[in-house]
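Input: a single structure, listed below in structure tokens.
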Amino acid sequence: MEKIAMLGGGSWATALTKILSENGARVDWWLRSKDDVQHLLRTRHNPRYLSAVQFDLNRVYPTTDLEDAIEEADWLVLAVPAAFVQPVLDKLDRDTLKHKNVISAIKGMIPGKNQLVTDYVAERFRLPRTQLGVIAGPCHAEEVALEKQSYLTIGSPDAGLALAFCEMLRNRFVSAHPATDLDGIEYCAVMKNIIALTGGIAHGLGYGDNFLAVLVSNAVQEIRRFLQAINPQPRDLSASAYLGDLLVTAYSQFSRNRTFGSMVGRGYSVKSAQLEMNMVAEGYYAVKSIHELNKKLKVSMPITEAAYNILYERISPAVELEILKEKLR
Ligand SMILES: NC(=O)C1=CN([C@@H]2O[C@H](COP(=O)(O)OP(=O)(O)OC[C@H]3O[C@@H](n4cnc5c(N)ncnc54)[C@H](OP(=O)(O)O)[C@@H]3O)[C@@H](O)[C@H]2O)C=CC1
Ligand SMILES: O=C(CO)COP(=O)(O)O
């Protein structure tokens, strides 16, 4: 039996725990809230995220004890929002993950450090990249809960590790495929959130589908330029791990980033939009990280810059979109 430690109590951790445990794995599930763990043990449901999903407690072991959750696991899956990775993992001894494979399900960067999550894990725990992977692809937790056909890509420089994790995920409604472009996939997953957020702002201001289609087309070029500068290698951006993820987040009713952007476009402050959502829009933090990384790279990134100006320089969304609109083709 595969032994997995799942870190995070939100929607994505809940959906992944469902897939992995229903496929027969043992999942030691770390949540930060004692009340949520008690609720899960009592009712077999996560009270606050995807609460319709029922867990088999012979396979799923919720706990608030992080070391206990990790101790016996062969695989660690990180599914807390990026902003909480460091506060959570820094509690662990540096050798804790020595013989474990670490898979990041996070689509964000370590704030302040502007580092990919897998780079941070490799550095902090002195792990070779061959023990690391990412879960990518267009996949909303809500649709997993509804058992709708979904596709995931597991990115890792170790093709064997990627394939092994794909096999743990595959079921009658999840297809999973391996890929080796760990960095490209991880950066793209971060950047698509910025695009969805900006698309949401445009939507909130009253721009329509015609504009969004052009925004997304320009976004593909912006992502290509950035990836070429930060991690040049041949890659097919039309693959679903890149373009598919961008499309689902830009267009789906379930997208947190689009919803957050839409509220900002309608006049909400960042704080009130965050409070109202009760879920994390990673794009807000990603804008700052990518903007800061790009100070050195100097890639042309009009969409990211527009989002940065709105969210961090407090320039009016309407004014910034007027400027952006002239730069799109
Ligand atoms: N949701 C999805 O469909 C997908 C999400 N992802 C990625 O998964 C990652 C997790 O997002 P998601 O599951 O959606 O999260 P949600 O927005 O559903 O939930 C927010 C999570 O953040 C936790 N949190 C809030 N404050 C803290 C803190 N101080 N320390 C630790 N944890 C905290 C919450 O814990 P609490 O409940 O205790 O407040 C909760 O578990 C993100 O990087 C996201 O981009 C990737 C693919 C799909
Ligand atoms: O990455 C995701 C789906 O692939 C989730 O992010 P959003 O909720 O912003 O779409």
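Descriptive notes on the structure:
- Exactly one residue among S300, S238 is outside the structural domain of P81 (by TED's automatic domain parsing) and in contact (Cβ under 8 Å) with a residue 40 or more places away in the chain, and that residue is S300.
- Annotation: L163 fulfils all but one of (1) in a helix (DSSP H, G or I); (2) within 16 Å of ligand 2 (Cβ to nearest atom); the unmet one is (2).
- Filtered residue count, the stretch 77-110, keeping only those that are away from ligand 1 (no atom under 11 Å from the Cβ), basic (K, R) and closer than 19 Å to T153 by Cα: 0
- The stretch 20-53, residues that are within 16 Å of ligand 2 (Cβ to nearest atom) and either in contact with a Phe, Trp or Tyr (Cβ under 9 Å, 6 or more places away or on another chain) or of a type in the set (S, T, N, Q) (or both): Y49
- Residue among R256, R314, R266 that is assigned by TED's automatic domain parsing to the domain that holds V220, in contact (Cβ under 8 Å) with a residue 60 or more places away in the chain and of a type in the set (K, R): R266
- Within the stretch 72-90, the set of residues being without any contact (Cβ under 8 Å) to a residue 24 or more places away in the chain and over 17 Å from the mean Cα position of the chain (by Cα) comprises just one member, P87.
- The set of residues from the stretch 21-36 being touching an Asp or Glu at 6+ places or on another chain (Cβ under 8 Å) and more than 11 Å from ligand 1 (Cβ to nearest atom) comprises S21, E22, G24, A25, R26, D28.
- Flag for L275 being in contact with a Leu (Cβ under 8 Å, 6 or more places away or on another chain) and more than 15 Å from A307 (Cβ to Cβ): no
- Figure legend. Inter-residue proximity from the stretch 135-152: first residues not assigned by TED's automatic domain parsing to the domain that holds Y49, second residues crowded, with 22+ Cβ neighbours inside 10 Å and among the small types (G, A, S), beta-carbon distance below 9 Å, spacing 6+ or different chains. No pairs are indicated.
- Restricting attention to the stretch 137-155, the residues that are more than 9 Å from ligand 1 (Cβ to nearest atom) and at positive phi total 1.
- Residue in the stretch 151-159 that is modelled with pLDDT of 95 or more, within 17 Å of the chain's Cα centre (by Cα) and of a type in the set (F, W, Y) present: yes
- Residue match in the stretch 240-251 (condition: farther than 21 Å from L215 by Cβ and at pLDDT 95 or above): no
The values are calculated or read from the model by the stated rules, or taken from the named source; none is laboratory data. The structure presented is a predicted model; accordingly, all values stated were derived computationally and were not measured. Positions of Cβ are backbone-derived with ideal geometry, glycine not excepted, and every protein chain shown enters the neighbour counts.
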